[in-house]
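Have a look at the structure below before the remarks.
None of the figures in this text is laboratory data; all of them are computed from the coordinates on show. Because the structure is predicted, anything quoted here is derived from the model rather than measured. Every residue, glycine among them, receives a Cβ derived from its backbone with ideal geometry; neighbour counts consider all protein chains shown.
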Amino acid sequence: MSSREDLVFKIKLAEQAERFEDMVSYSNELIKMGGELSTDERNLVSVAFKNSIGTRRTAWRALVAIEQKDEEKGAKHKDVIGKYKKTVETELEKVAKDVISILDSHLIKNATQGEPKIFYLKMKGDYYRYFAESLSGDRQKEIGVKAAEAYAAATKEAEDESGKGLPKTNPIRLGLALNYSVFFYEILNEPDKAIKLAKTAFDGAIQDLDKLEDEVYKESASIMQLLRDNLTLWTSEKNDKEDKNVEDM
């Protein structure tokens, strides 16, 4: 059995080699060793899972675009494209469910209050959202409810004023607001709530941003720029039903 140090090195090595499935495999081994992950380990695991599902999300979006173009030209390859898209959807669903299962059975379960728990609850909301993106109708609503529950739980923890919550400038709290607002906009089709959430997070952090140390400042400022970009898009296009690309993390 690999030591914890060896597994962390293997995860980093797989990332550098862009062997993302290996990165996921090593991450699962690390998680199953038990105990709470360090911040470095947590970030590596998050990157591993994000890359794994990210390739499927990109592929699915590309196939949707190809399918739409094919329909415009007479739908000559509708069945072939549809079957291939279904294959990608099945893979995306599996990755999302695997990550959510690991979060529930290990990461959230073993996390202490505060930053680690908020990080994993946000992550759970994200993976339900990624799953919901490829769905429609009642099935999307069903998965959307689960995403909303996870995001709401993370937000409640982040805004806790008893000392367990996070400052408004904290990158994890800002990233949570960013992704939660994207969920409102893209999955629930509630632009007003998306705008309100993003604006509240941005306005709450802007006053204290300059008080942060350089490394944290850069990360928080980067997320706030994404919030600002989305706010600009959403407010200018609120009444436009045309699909828009929004930014999350």
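When you go through ASN43, ASN51, ASN28 one by one, which is the residue that is assigned to a helix (DSSP H, G or I), under 23 Å from PHE131 (Cβ atoms) and in contact (Cβ under 8 Å) with a residue 40 or more places away in the chain?
Every option except ASN28 fails the conditions.
Name the single residue that is farthest from ALA205 (Cα to Cα) among those in segment 150-191 being touching a residue at least 24 places away in the same chain (Cβ under 8 Å) and among the basic types (Lys, Arg).
Looking at the filtered set, the residue picked out is LYS164.
Please indicate, with yes or no, whether at least one residue in segment 75-92 is under 24 Å from LEU135 (Cα atoms) and within 16 Å of the chain's Cα centre (by Cα).
Yes.
Which pairs turn up if I take residues in segment 97-112 that are within 16 Å of GLU157 (Cα to Cα) and free of Cβ contacts under 8 Å to residues at least 24 places away in the same chain and look for partners that are surrounded by 15 or more Cβ atoms within 10 Å (Cβ to Cβ) and of a type in the set (A, V, I, L, M, F, W, C) with beta carbon separation below 7 Å, at least 6 apart in sequence or on another chain?
Correct list of pairs: ILE108/LEU121.
Can you tell me which residue within segment 160-215, out of those that are over 30 Å from GLU142 (Cβ atoms), of a type in the set (Asp, Glu) and in a helix (DSSP H, G or I), is farthest from the chain's Cα centre (by Cα)?
ASP210
Any idea which of LYS193, LYS218, LYS211 is charged (D, E, K, R) and surrounded by 13 or more Cβ atoms within 10 Å (Cβ to Cβ)?
It is LYS193.
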